[in-house]
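Since every read-out is calculated from the coordinates, none of them should be taken as a lab result. None of these values were measured; they are calculated from a predicted model. Cβ placement follows ideal geometry from the backbone for every residue including glycine, while neighbour counts extend to all protein chains displayed.
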Amino acid sequence: MRDARQHVAPRLTAVGLTKTFEGHAAIQDISFSVREGEFVAVLGPSGAGKTTLFRCLTGLVSPDKGEVRVGDEDVARLHGRARRRIAVVFQQFNLVSRLSALDNVLAGRLGHVPAWRGMLRRFDRADRLLALECLDRVGLLRQATQRADTLSGGQQQRVAIARAMAQRPSLIVADEPVASLDPAAGAGVLELLQGIARRDGVGVVCSLHQVHLARSFADRVVGLSQGRKVIDSPIARFDERAFGQLYGNGTMNAGGSP
Ligand SMILES: Nc1ncnc2c1ncn2[C@@H]1O[C@H](COP(=O)(O)OP(=O)(O)O)[C@@H](O)[C@H]1O
Ligand SMILES: [Mg+2]
């Protein structure tokens, strides 16, 4: 199974991405790929360029140089419905607070239904069943009708993940999805993302602040330092030396995070 996958086009390919702000390169010549079913953690200290990289990956920012391909397509050319192939998970969840968990998940179907039906919230039975199934996958079926702003942070992020799943994406891009959560809720969210990669074959690229979380959940690590990629390795080879390259001093296992 694994071998067969080697011949499939990667879910994401970034080639030579460079983005400069006011003469300062936020990211420089970054290339990497994410395969089907693979969970890639992007690590690096604050200011290393993670958010800039993720904005380029989702097409929110145009790189000065380089390109991003999702499957066989250039992200810059993905418009409208084609964009549903990339689902985004944010640090601050980005739910509509006054809507129910279920309605927030249904928003993930907006790229799949005609715009007028989306505006009127006229989702059909199949979409509703899919949204409920996604809520069930994240363990929140019982909270389906609860307003989003009455859920805990961890629950809100799980709704956001259900919304991403409802999009039926080939790739999930998550910039620090657990930075606003307590450790237990954060681990729960990463376990879900790992399960989506493994069970559904979705490529997941996720920036993290804590190395120990990458070690628990990721298959590979891409490490950024001052806008450059300094590490690209399977998680098993992310050792003390690699840690030092990213964060300078400090010990990887002292509390697990820089
Ligand atoms: N819109 C912007 N305008 C100017 N500088 C920016 C902008 N976005 C990011 N930067 C700069 O780019 C560098 C990388 O930032 P960022 O991508 O946010 O890193 P990280 O997410 O790893 O903390 C920082 O020096 C930051 O100040
Ligand atoms: Mg950031």
Next on the checklist: I'd like the FRET efficiency for Ser233 and Arg199, computed as 1/(1 + (r/R0)^6) with the beta carbon distance as r and R0 of 25 Å, rounded to 0.05.
Outcome noted: 0.55
Next on the checklist: With n ≥ 4 as the cut-off for DSSP H runs, can you work out [θ] at 222 nm for the chain, using -39500 (n - 2.57) per run divided by the number of residues, rounded to the nearest 500?
Outcome noted: -9000 deg cm²/dmol
Checklist entry - Any idea what the dipole of the chain comes to, in debye rounded to 20, about its Cα centre with Lys/Arg Cβ at +1 and Asp/Glu Cβ at -1? => result 780 debye
Item to check | Calculated from backbone phi, Karplus (6.51, -1.76, 1.60) coupling profile of the stretch 236-247 in Hz, x at Gly/Pro | outcome: 5, 9, 7, 10, 4, 5, 5, 4, x, 4, 7, 10
Checklist entry - Could you give the length gained on full extension between Thr20 and Leu60, defined as 0.36 nm per residue of separation minus the Cα-Cα distance, in nm? => result 12.9 nm
Checklist entry - Given the options Gly44, Gly139, Gly71, which has the most mean-square fluctuation in a GNM of the chain, springs set between C-alpha atoms less than 10 angstrom apart? => result Gly139
Next on the checklist: I need the calculated FRET efficiency for the pair Asp136 and Asp182, taking r as the beta carbon distance and R₀ as 22 Å, to the nearest 0.05.
Outcome noted: 0.40
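Report, to two decimal places, the Cα Rg of the stretch 135-180 normalised by 2.2 N^0.38 Å (N = number of residues).
1.16
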Item to check | Potential lengthening between Arg128 and Asp149 on full extension [0.36 nm per residue; Cα-Cα distance subtracted] | outcome: 5.5 nm
Next on the checklist: Defining a contact as two alpha carbons under 8 Å apart and six or more residues distant in sequence, what relative contact order in percent does the chain show?
Outcome noted: 27 percent
Checklist entry - Mind checking the log10 I(q)/I(0) for the chain at q = 0.07, 0.16 Å⁻¹? Debye, one equal scatterer per Cα, no solvent, two decimals. => result -0.24, -1.22
